[in-house]
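The structure appears right after this line, and notes come after that.
The values are calculated or read from the model by the stated rules, or taken from the named source; none is laboratory data. Here the structure is a predicted model, which means the values were calculated and not measured. Please note: Cβ atoms are built from the backbone with ideal geometry, for glycine as well, and neighbour counts cover all protein chains shown. These area figures cover heavy atoms from the full protein model, side chains too; ligands, DNA and RNA do not enter into them. Shrake-Rupley method; radii C 1.70, N 1.55, O 1.52, S 1.80 Å.
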Amino acid sequence: MWGLLTSVNFAVVQIIVLSLFAVVGMTLRQLPGFAFRSSTDYANEMTKLHSQYDPVLGTGVVDALERLQLWHVFSSTWFSIGLVVLILSIVACTLDRTPRLWRQSADIRVVQPDPFFDPMLPDRALMAGVAAPDVAAVLRRHRFVVRSEVANGATYVYGDRNRWVKLATLVSHLGLVLFLVAAAVTSRLGDEQGLVVAEGESLTVQPIGTPGLLLVRNLGFDAPGFLETGQASDFTTRLAVFQDGQQIAEKTIRVNDPLTVGGYTFHQNGFGPAPDVVIRDADGRPLWTGPIPMTDEAAGFPFTEFAVPGRDVALQLLLQRQGDGTGVLLVLPFRAVGTNADGSPQIAGLEPLALTRGESDTAAGTDFSVELRGFQDFTLLIAKRDPGQGLVWLAAGCLVVGLLITFWMPRRRVWAKVSGDGRVALTVRADRYVDVTREFGAVLDDLVKARHASPPVAMPQPPPVDR
């Protein structure tokens with residue numbers, strides 16, 4: 001098991017699988033967070049998915065994708081298991097590499113054998129006339145930490161710069177782990193709700209009965225220029241938030257200026273019309289009073305369906321504009337009278353109505369009247385609780401710091417063997433993204449300036465080649 005978790009190939013397979021899940025989640029329309037608040041919300045959202053994907057994929061495929069939890073990929077059991085296994089793999093790889101990284105940084109060998117300084121090998125140099133203290137002084141000027149040892153009649157000088165930088169990869173690994181933990185925390189403990197709140201109306205954020213229940217109230221909505229041109233230059237909502245019956249915050253929010261309170265952030269996301277309707281029974285008693293948000297479209301016009309409380313009749317509402325610019329609300333009552341062969345409800349339409357502001361009428365076959373009192377707007381809010389947000393910032397900081405240290409502060413090491421006859425042999429070792437020629441050349445230039453008069457050193461020649 002340890003060998004599997006520390007395998008690079010296994011890690012690559014995990015990343016590929018999670019990436020495929022992510023592609024599915026970004027390609028297919030996903031269930032919104034509020035769909036899981038109740039079975040009714042879930043059924044309504046799945047009905048929308050069936051209407052969108054059944055003509056393309058077929059009902060059976062859509063049902064199979066539902067059983068595989070692919071309509072909510074990022075909170076699915078499969079994706080969560082994948083994240084947990086990937087976290088375990090990264091932790092195992094980190095624990096497996098840590099002793100080796102520590103040894104590479106902590107274990108220093110100042111004295112090296114003669115073949116190590118062979119000038120025929122790359123990144124070597126040979127000169128004379130530089131004393132061991134001068135070599136140490138030059139390395140210190142280049143910000144090396146210097147150690148010296150005497151052995152075999154020679155002085156060995158070792159310079160190390162950014163000795164512990166390899167351990168910064170552990171900080172990067174920590175950042176990756178924190179990113180994955182944040183994703184798991186957000187998917188399991190986070191919450192994101194779309195709230196459609198008509199002007200002057202209120203709506204709960206969490207399910208009824210939740211301790212510390214939050215309630216939002218739309219105190220006023222404004223979209224300058226929308227009625228005149230059809231395009232709003234801006235749209236804002238004056239939003240109040242209540243908790244346990246007490247107002248805890250109030251703010252005018254816009255797209256890039258949300259309100260954060262009670263662990264939630266409320267974002268302005270959209271808006272639309274909400275006709276103010278009164279539905280009365282035959283005795284004049286109200287069955288419904290208030291605005292009805294029109295969150296859908298039909299033929300390019302605002303549209304919605306509304307179930308009449310206490311009746312087996314629902315209303316299809318379509319809002320249009322007449323030639324004189326006044327709004328007209330088309331009302332089509334209908335009821336379900338049976339079930340079709342494919343399982344869909346069999347619908348019977350009733351007499352349609354066309355209402356302008358202030359008008360009231362009763363459709364044939366119904367026992368209630370519909371009155372249009374006027375037109376209001378609804379605001380669409382996104383209420384988001386993200387408990388993993390702090391971990392994301394911490395993870396980003398760890399990843400950035402680890403990468404900056406690794407790439408901007410690479411390790412460099414220099415060994416020098418100063419023999420009793422004044423010969424100095426040098427060897428340099430550095431990470432692969434260091435310009436060794438430039439940096440080692442600067443050290444050699446300073447050593448040349450520091451050397452004393454001495455007979456030239458005979459450089460070894462390569463052996464002759466038979467032709």
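Summarise the accessible area of region 4-113 (1.4 Å probe, protein heavy atoms) by the percent that is carbon and sulfur.
C and S atoms contribute 68 percent here.
Quick one: which of 107-114, 336-343 comes out on top by average Cβ neighbours within 10 Å, and what's the full order, highest first?
Going from most to least packed, we get 107-114, 336-343.
Loop-only check: which chymotrypsin sites (Phe, Trp or Tyr not before Pro) in region 350-459 are DSSP coil with at most 14 other Cβ within 10 angstrom?
Answer in residue order: Y433.
Suppose the chain between A396 and R109 were pulled fully straight at 0.36 nm per residue; how much longer would it get relative to their current alpha carbon spacing?
99.7 nm
Restricting to DSSP H runs of at least four residues, report the calculated mean residue ellipticity at 222 nm for the chain, -39500 (n - 2.57) per run over all residues, nearest 500 deg cm²/dmol.
-11000 deg cm²/dmol
Under a point spin-label approximation (7 Å from Cα along Cα-to-Cβ), what is the E297-T77 distance to one decimal in nm?
Result for the modelled spin labels: 3.9 nm.
Could you compute the net charge surrounding I382? Neighbours are other residues with a C-beta less than 12 Å from the C-beta of I382; K and R count +1, D and E count -1.
-1
Does region 171-277 classify as rounded, prolate or oblate by the C-alpha gyration tensor (a ≥ b ≥ c root eigenvalues; a/c under 1.5 gives rounded; else a/b over b/c gives prolate, otherwise oblate)?
Oblate.
Any chance you could check the Cα centroid distance between region 135-157 and region 3-59 for me, in angstrom?
61
Between T210 and V61, what FRET efficiency follows from the Cβ-Cβ distance if R0 is 30 Å, with the result rounded to 0.05?
0.25
Leaving ligands, DNA and RNA out of it, report the carbon-plus-sulfur percent of the accessible area of region 224-318 at a 1.4 Å probe.
49
Between I347 and D234, how high is the FRET efficiency from 1/(1 + (r/R0)^6) when r is the Cβ-Cβ distance and R₀ = 35 Å? Nearest 0.05.
The calculated FRET efficiency here is 0.30.
Once whole DSSP H runs in the chain are found, which of them have Cα atoms spread over 24 Å or more along the helix axis and a mean Kyte-Doolittle score of at least 0.0?
Helices passing the filter in the chain: 8-27, 77-106, 168-189, 389-408.
Tell me the per residue accessible area of the chain using a 1.4 Å probe; a whole number in Å² is fine.
That works out to 55 Å² per residue.
State the Cα centre-to-centre distance between region 425-451 and region 326-402 in whole Å.
About 72 Å separates the Cα centre of region 425-451 from the one of region 326-402.
Which of the aspartates and glutamates could be linked to K449 by a straight reach, that is with a Cα gap under 12 Å, when you skip same-chain ones fewer than 8 residues away?
The qualifying aspartates and glutamates are D134.
Could you grab the relative contact order for region 146-290? Cα pairs under 8 Å, six or more apart, rounded to a whole percent.
10
Can you tell me the alpha carbon radius of gyration of the chain divided by the globular rule-of-thumb value 2.2 N^0.38 Å?
1.62
List the residues whose amide H sits under 5 Å from the amide H of E351, counting only those 5 or more places along or on another chain, with H placed 1.01 Å from N in the peptide plane.
A364
By its C-alpha gyration tensor, with a ≥ b ≥ c as the square roots of the eigenvalues, how is region 245-330 shaped: rounded for a/c under 1.5, else prolate for a/b larger than b/c, else oblate?
Oblate is the answer for region 245-330, as a/c is 1.5 or above yet b/c matches or exceeds a/b.
May I ask you to derive the relative contact order of region 325-438, considering only C-alpha pairs under 8 Å and at least 6 residues apart, and to give it as an integer percent?
Once normalised by length, the contact order is 13 percent.
Taking the Cα centre of region 315-396 as the origin, how large is its charge dipole in debye, to the nearest 20, when only Lys and Arg (+1) and Asp and Glu (-1) carry charge on their Cβ atoms?
For region 315-396, the charge dipole is close to 360 debye.
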